[in-house]
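First comes the structure, then the notes that go with it.
The values are calculated or read from the model by the stated rules, or taken from the named source; none is laboratory data. If you're wondering where the values come from, they're calculated on a predicted model, not measured in any experiment. Note: ideal-geometry Cβ built from the backbone for every residue, glycine included; neighbour counts use all protein chains shown. The accessibility values were calculated without ligands, DNA or RNA, using every heavy atom of the protein model including side chains. Shrake-Rupley method; radii C 1.70, N 1.55, O 1.52, S 1.80 Å.
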Amino acid sequence: QVQLAESGGGLVQPGGSLRLSCAASGFPLRSYNMAWHRQAPGKERELVASITYAGEITYADDVKGRFTISRDIDKQLVYLQMDSVKPEDTAVYYCNRPTGYVWGQGTQVTVSS
């Protein structure tokens, strides 16, 4: 069964760091593009970062230089390292496999002092 499971969310102070993890199962991570999205209260879901099966990476403009997407193919994990976080980064973060429209359940990130 194809599944994605996010973890690592929580409360973090402005300027702090957090690392999200996405455990992929039921398919070979090396063969698929993957992405992180987020949805803040009252807003539409938006793309944060993506990584292709070949390792090509893109970021949304407002997280460039602060967030880093990576993957561990052997462990079937996709990561989102979040540094220098801001209150506007507060959202539910979702791991996504675009092919087949596969989504995780999401993990809440709250940036507040």
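Ligands, DNA and RNA are left out, and with a 1.4 angstrom probe the accessible area of the chain is 53 Å² per residue.
From the alpha carbon centroid of segment 1-34 to that of segment 39-103 is 8 Å.
For the chain, what relative contact order do you get, as a whole percent, if you take Cα pairs closer than 8 Å and at least 6 residues apart? Spell out each step's value before the answer.
Working: 270 pairs, mean separation 42.2, N = 113.
So the answer I get is 37 percent.
Residues of segment 82-113 with an amide N closer than 20 Å to a point placed 7 Å from the Cα of residue 40 along the Cα-to-Cβ direction: 82-95, 106-113.
Would you calculate the separation in nanometres between label points at residue 86 and residue 5, each defined as 7 Å from the Cα along the Cα-to-beta-carbon direction? Simple spin-label model gives 3.4 nm for this pair.
Distant-in-sequence amide contacts of residue 90, defined by a placed amide H-H separation under 5 Å and a gap of 5 or more residues or a different chain, comprise 111. Share of carbon and sulfur in the accessible area of the chain stands at 47%, probe radius 1.4 Å.
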